[in-house]
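Okay, so here's the structure we're looking at.
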Amino acid sequence: MNNPIALFQKWFDEESALSEVNIPTAVCLSTLGFDGFPNARFVSLKEIRNDSFVVTGPLQSRKGIEIEADNKVALTFWWTGTGRQVRIQGEANKIPESLATVYFNARNEHSKAVSVISEQGKVTNNIIALEQEILDKVAENQPIPKPKSWGGFAIKPLRIEFMEFKETRFHDRKCFLIENGKWVIHQLQP
Ligand SMILES: Cc1cc2nc3c(=O)[nH]c(=O)nc-3n(C[C@H](O)[C@H](O)[C@H](O)COP(=O)(O)O)c2cc1C
C-alpha cells in the first residue's frame, strides 16, 4: 500500500477490532517545550480529516500554547493488540471554530463542564471546591456551550513510520516521507 493514510486507517481498524484497552485512540502527542525539553502527553485521536490527524482540548493549555509558538509536533501510537507502532511528525493547525463546536457538543455533560470550569494545567489550592463547581454546573441541567478557549488541531503529516514489532527484534519498519509533494516509501533497518 503506497498511501500512508490508507495504511494508517487499515492498521487502526485492525487494532480496534482486536484491542481490549479502554481508549484505543490514545496517542502520545509531543510538542516543543519552551525550556528545550520535548513535552509529551497522551490525547485521543478524534479522526482523520482531509488526510490530517485531529486532536482536541483547551487551547490555553501547555500543549496549546506550545503549538501556537511552534507547530511542529509528533504523534506516537503503540498498539498492543496488533503489536504495531506508528510515528508521525507533522505540522499542527488550529481547526475552525465550527468544527471545534461539533467535537465539543459530542462530549458528555460532565466533560463539557470540566472544559468550561477547569483551567487545564493551572495550579489550584482547592481541588475540592473546583470539583464541586463542576458538579454544580452539571446539576444546573442547562446547555453548556463551547468556551472560546477550547478547540483542536489538525496535524498534517510530513513523515509517518509504520513498525511491526517482531519477537526476533527484526522489526519491519516502513517510513513514508513527503518528497516533491508525493509520498515516498523507504524500508528502514530494524
Ligand atoms: C488516554 C488519555 C487521553 C487523553 N485525551 C486528551 C485529549 O483528547 N485532550 C486533552 O486536552 N487532554 C487529554 N488527556 C490529558 C492529557 O494527557 C494532559 O494531561 C492534558 O492535555 C494536559 O496537557 P498539557 O498541560 O501538556 O497541555 C488524555 C489523557 C489520557 C491518559
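The values are calculated or read from the model by the stated rules, or taken from the named source; none is laboratory data. All figures in this text were calculated on a predicted structure; none of them were measured in a lab. Glycine also receives a Cβ, built like all others from the backbone with ideal geometry; neighbour counts cover every protein chain displayed.
Looking only at region 122-144, count every residue that is of a type outside the set (Asp, Glu) and within 20 Å of Arg107 (Cα to Cα) and tell me the total. Show your work before the answer.
Residues of region 122-144 that are of a type outside the set (Asp, Glu), as a first pass: 122-130, 132, 134-135, 137-139, 141-144.
Now narrow it down to the ones that are within 20 Å of Arg107 (Cα to Cα): 130, 132, 134-135, 137-139, 141-144.
Final tally of qualifying residues: 11.
Residues of region 8-35 that are in a loop (DSSP other than H, G, I, E, B), near the ligand (Cβ under 10 Å from one of its atoms) and surrounded by 14 or more Cβ atoms within 10 Å (Cβ to Cβ): Pro24, Thr25, Gly33. Confirm whether Ser115 is among the hydroxyl-bearing types (Ser, Thr, Tyr), away from the ligand (no atom under 12 Å from the Cβ) and either farther than 23 Å from Lys174 by Cα or surrounded by 15 or more Cβ atoms within 10 Å (Cβ to Cβ) (or both). No: the conditions fail for Ser115. Scanning region 40-77 for residues that are within 10 Å of the chain's Cα centre (by Cα), part of a strand (DSSP E or B) and within 9 Å of the ligand (Cβ to nearest atom) gives Arg41, Phe42, Val43, Ser44, Val55, Thr56, Gly57. When region 35-55 is examined, which residues are found to be closer than 14 Å to Thr25 by Cβ and polar (S, T, N, Q)? Matches in region 35-55: Ser44 only. Taking residues in region 13-40 that are within 15 Å of Gln85 (Cα to Cα), and partners anywhere that are charged (D, E, K, R) and more than 10 Å from the ligand (Cβ to nearest atom), the pairs with Cβ atoms closer than 8 Å and at least 6 places apart or on different chains are Glu15/Arg84; Pro24/Glu15. Of the residues examined, Ala113 is not one that is in contact (Cβ under 8 Å) with a residue 40 or more places away in the chain and of a type outside the set (S, T, N, Q).
Restricting to region 118-157, what's the tally of residues that are within 26 Å of Thr31 (Cβ to Cβ) and more than 11 Å from the ligand (Cβ to nearest atom)? Lay out the reasoning, then the answer.
The first filter runs over region 118-157 and keeps only residues within 26 Å of Thr31 (Cβ to Cβ), leaving 118-124, 127, 130, 146-157.
Right, trim to more than 11 Å from the ligand (Cβ to nearest atom) and you get 123-124, 127, 130, 146-149, 154-157.
Number satisfying all stated conditions: 12.
Please enumerate the residues belonging to region 74-96 that are aliphatic (A, V, I, L, M) and either closer than 30 Å to Glu167 by Cα or modelled with pLDDT under 95 (or both).
Here is the first cut: in region 74-96, the ones aliphatic (A, V, I, L, M) are 74-75, 86, 88, 92, 95.
Correct list: Ala74, Leu75, Val86, Ile88.
For Thr82, the criteria (1) part of a strand (DSSP E or B); (2) closer than 23 Å to Ser16 by Cβ hold in every case but one, which is (1). The one condition from (1) within 16 Å of the ligand (Cβ to nearest atom); (2) within 19 Å of Trp183 (Cα to Cα); (3) among the β-branched types (Val, Ile, Thr) that Ile5 does not meet is (1).
Within the span defined as region 135-158, one or more residues are surrounded by 15 or more Cβ atoms within 10 Å (Cβ to Cβ) and part of a helix (DSSP H, G or I). Residue pairs whose Cβ atoms lie under 9 Å apart, separated by 6 or more positions or on different chains, with the first residue in region 130-155 and over 27 Å from Gln89 (Cα atoms) and the second polar (S, T, N, Q) and not in a loop (DSSP other than H, G, I, E, B), are Ile144/Ser115; Pro145/Thr101; Pro145/Asn105; Lys146/Thr101; Lys146/Asn105; Lys146/Ser115; Pro147/Ser115.
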